[in-house]
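Okay, structure first, notes after.
The values are calculated or read from the model by the stated rules, or taken from the named source; none is laboratory data. Source: prediction; values computed, not measured. Methodologically, a virtual Cβ is constructed for each residue, glycine included, from the backbone with ideal geometry; neighbour enumeration extends over all protein chains shown. These accessible areas exclude ligands, DNA and RNA; they are computed on the full protein's heavy atoms, side chains included. Shrake-Rupley method; radii C 1.70, N 1.55, O 1.52, S 1.80 Å.
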Amino acid sequence: MSRALLLSLAALALAACSPAAPTDGDDAVAKVQVADALCRPTPVGRQATGCYLTLTAPSDDRLVSVSSPAAGRVEIHESRMESNMMMMRELKEGMALPAGEVVELKPGGNHIMLLAVTEPLKAGDTVPLTLTFASAPPVEIAAAVGQPALTDTGHAAH
Ligand SMILES: [Cu+2]
């Protein structure tokens, strides 16, 4: 075999390699994984309550909004301690979801806030939630209603 032929075969092999390399994003409609969805029962006489869940986005994304037929309005909240009081604030821009990272919404931290809840939520009920993301398709889930386990802060603030 001549040297020139060997070189051209090598070039062909290289050329065949690069464009045919499989892309790792072959699942173009990868969904955000949602787990452990739980809403607290509505306190007696109140129409607002918090929901918690964990989100894992396949690529960098953002939880932009949540809706539910069980609530007139749903907001994404953060909780912070201010002067020894737990304060809540709406995250108007939603929440960043870094690729592959498990993002927890939990008591004492970020949570989903159901407002103007139409019917009282009792333990054992389920609440349909639709989560909307900046890039990934929306995800519909049924969150269980119940009391979350106490967190390491020792009290059950939402
Ligand atoms: Cu809240």
Gyration tensor on Cα atoms of segment 40-97, a ≥ b ≥ c root eigenvalues, a/c under 1.5 rounded, else prolate if a/b beats b/c, else oblate, says oblate
On a full-extension model of 0.36 nm per residue, what is the gain between K31 and K122, subtracting their alpha-carbon distance, rounded to one decimal in nm? 29.8 nm
Classify segment 33-145 as rounded, prolate or oblate, taking a ≥ b ≥ c as the square roots of the eigenvalues of its Cα gyration tensor: rounded when a/c is under 1.5, otherwise prolate if a/b is larger than b/c and oblate if not. oblate
Could you grab the relative contact order for segment 33-145? Cα pairs under 8 Å, six or more apart, rounded to a whole percent. 36 percent
Order 99-109, 48-58 from most to least packed using the mean count of other Cβ atoms within 10 Å. 48-58, 99-109
Can you tell me how much longer the chain between A99 and N84 gets when fully stretched, taken as 0.36 nm per residue apart minus their C-alpha distance, in nm with one decimal? 2.0 nm
Accessible area per residue, Å², segment 33-145 with all protein chains present, probe 1.4 Å: 51 Å²
How about K122: which lysines have a C-alpha closer than 20 Å to its C-alpha, ignoring those fewer than 8 places off in the same chain? K106
